[in-house]
Amino acid sequence: MGGKLPSEVEKIVARCLRKDPARRFQHIDDVKVELEELKADLESGKTGVAATPGPKRGRRWLWAAPIAAALLLAVALGMRLRRGEPPPDLHAVALTSNSSGSALDPSFSPDGRKVAFAWNGEKADNMDIYVKQIGAVGPPMPLTTNPAPDINPAWSPNGEWIAFRRRLGGADAIMLIPSVGGQERELDRIPPWKPPFRIAPMSSGSWTPDSKWLVFAAQDSPGGPTSIRAISVETRERRQQTTFRTQSMGAEVVLGDSSPSLSPDGRTLAFARHVKTWVFELYALRLTRDLRPDGEPARVIDRRHSAITGIEWTADGGEIVYAAGVIGNAPLWRVPASGNRAPKRLPYAPRAIGAPAIARAVSRLAFASSTYTSSIWRLNTRTGERIKLSSAKDAFIQHLQYSPDGRKISYNSNRSGDGEIWTCDADGSHCLQLTSFESAFSTERTTLPVVGLSCGAPRWSPDSRWLTFSCNPEGHIEIYVMPADGGAPRRVTHFDATNNISSFSQDGLWIYFASDRSGRYEVWKTPAKGGEAVQVTRSGGYGAFESTDGNLYYTKYPAPSPLFRMPVGGGAEAQVLPKVVHFSAFAVTKEGIYSSPDGRTIQFLDTASNKTVNLAWDEPFEFFLCVSPDGAYVLTSQIDRNATNLMLVEGFR
């Protein structure tokens with residue numbers, strides 16, 4: 001009998017976890033009913049375990065052992081069900097099928113049968129709000145057709161309204177439209193939110209369960225921090241949920257609270273808090289019944305992220321699902337809402353864009369995911385020939401730089417998942433990841449770890465032996481130096497501010513960098529071997545490079561910006577170019593300055609004749625360019641193909 005027991009337990013387990021969709025992972029009471037049936041079968045011998053003669057106590061034990069094992073399984077199953085954990089075989093399927101363009105920001109109807117989303121259409125010319133019936137054949141129904149971009153739809157719980165954000169240029173409007181189409185209504189108008197770099201826009205809002213209030217994020221004033229507020233859709237009364245007070249020195253980048261999401265009972269508000277440049281934390285705030293803060297926000301996760309781009313609650317309100325990581329490659333995570341816990345990645349959602357959506361009437365999850373290819377392109381400045389050197393699928397390539405000896409190219413990329421520093425040979429071959437901060441700092445961190453690192457803008461030393469770059473492994477962006485052939489990074493700035501975008505001086509003794517420690521970005525420099533930093537610019541500066549002619553060239557924040565020049569030894573600044581599209585969109589050589597004013601055109605300013613010529617170029621690129629030491633080649637990074645589609649996960653709990 002003892003030898004048969006494990007196989008009988010296997011049969012019990014199989015029955016408890018059978019594949020019938022109508023029965024699988026139901027309420028714990030269903031499991032109790034199943035166990036009663038199993039008990040009856042065991043006593044009658046239907047399971048193959050015969051009731052052998054012997055004392056009554058012994059016969060009871062014959063079925064009690066497998067029942068006990070099954071009961072333990074049922075308890076575990078019930079705990080799993082109550083935690084809302086999904087079955088292990090979930091996978092995502094395409095809900096939309098754009099070969100190009102972007103479908104973003106899904107929001108389910110209350111019954112879970114439809115989804116509203118933002119899409120720039122078959123011509124990829126303007127973002128509008130659409131509604132799609134899940135499982136239906138045919139194109140989605142357009143709800144809006146305004147020439148201004150419409151994004152971030154949010155379906156009301158009563159099914160009557162869809163809220164969305166309309167980008168008007170000088171302002172953002174929070175809009176309402178009937179879910180079946182019809183007359184739009186403007187609910188509020190707020191200052192336009194201009195995100196730093198590529199941090200995703202804030203969601204338009206989250207509804208209270210009675211559909212009477214909409215909670216959304218907005219700046220209290222242009223350029224100020226963001227906070228969470230609520231507005232009545234009937235009276236337009238406003239109530240403040242959060243107030244962000246920065247602890248960062250300077251913080252010229254927009255910080256604050258965004259991506260609000262109300263729990264199903266409307267009593268807890270989850271939101272992302274941008275505490276420092278490229279450092280986000282996930283918080284939850286209890287609310288009173290009249291939508292007022294009930295205490296202080298509490299941290300939900302035990303780590304930080306480089307970006308949090310969307311938040312949603314599970315249907316039972318027990319967990320929070322959010323998108324976080326490197327922009328464009330942010331996986332979905334889930335974490336208990338109880339606070340300060342370790343989140344788990346959802347393996348079927350490795351590259352989410354923006355907020356996930358969870359249906360509360362049926363078991364469904366939706367999110368947007370991007371498929372793209374990033375490449376390094378080389379332009380021959382003499383012949384105009386343009387060739388592709390290297391490509392990366394579903395990963396960006398940014399901040400290209402030739403080594404001074406012309407043998408290598410440095411850049412940052414998220415090929416490994418995080419934003420790390422890479423190099424390759426000058427012909428694009430033999431690409432090598434140099435940094436891996438997750439392992440290098442695992443035992444040395446004194447602050448919350450940052451998951452989804454953002455290391456960028458590598459620059460070479462004059463002898464091509466060292467690289468300097470910025471990264472945020474210890475909770476805020478600092479400047480580092482490491483050997484160009486690999487090795488341990490060494491931190492060279494030590495100030496609680498954003499220290500970003502570094503480069504070596506021509507003698508290799510100093511490192512220039514941008515810092516907002518004074519309240520706005522200025523160019524500073526610090527000894528390459530370590531020491532006190534010295535302020536260089538006084539009227540703004542960002543992305544500085546020292547040239548061989550004794551001048552320092554730099555832009556200002558934010559981009560686009562004119563290009564400026566000042567003597568290395570100090571003196572007045574002078575404007576050199578009226579516009580460069582990005583701080584990495586210019587390169588200074590002995591003959592002149594290569595730059596791009598718009599991300600499509602590459603210009604060359606001959607400093608001897610003061611004449612500007614346009615180089616042949618026919619594709620938009622990613623704002624980043626560099627020039628070989630001999631001036632023969634210009635490198636750019638370019639997105640060759642980019643399509644963002646909605647993905648659907650059935651059976652999600």
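General observations
- Taking the Cα atoms of region 261-370, the ratio Rg/Rh between the radius of gyration and the Kirkwood radius comes to 0.96.
- Cα point-scatterer Debye curve for region 205-305, base-10 log of I(q)/I(0) at q = 0.18, 0.21, 0.23 Å⁻¹: -0.81, -1.06, -1.22
- Computed label-point distance, nm, for sites GLN575 and VAL362 using a 7 Å Cα→Cβ extension: 5.8 nm
- Extension gain (nm, one decimal) between HIS430 and ASP496, 0.36 nm per residue minus Cα-Cα: 20.1 nm
- Arranged from fewest to most other beta-carbon atoms within 10 Å of their beta carbon, MET141, MET127, MET647 become MET141, MET647, MET127.
- Summing Lys and Arg as +1 and Asp and Glu as -1 over all other residues whose Cβ lies under 10 Å from the Cβ of GLY159 gives a net charge of -1.
- Relative contact order of region 602-653, defined on C-alpha pairs under 8 angstrom at six or more residues apart (%): 22 percent
- Unsatisfied cross-links (Cα-Cα over 28 Å) in the set LYS212/LYS344; LYS556/LYS590; LYS344/LYS393; LYS276/LYS393; LYS114/LYS212: LYS212/LYS344; LYS276/LYS393
- The orientation-averaged projection of the convex hull spanning the C-alpha atoms of region 287-345 amounts to 4.7 square nanometres.
Read-outs: derived from the displayed coordinates by stated rules, not from any lab. Predicted model only: the values in this text are computed from it and were never measured. With ideal geometry, Cβ positions are generated from the backbone for all residues, glycine too; neighbour counts draw on all protein chains shown.
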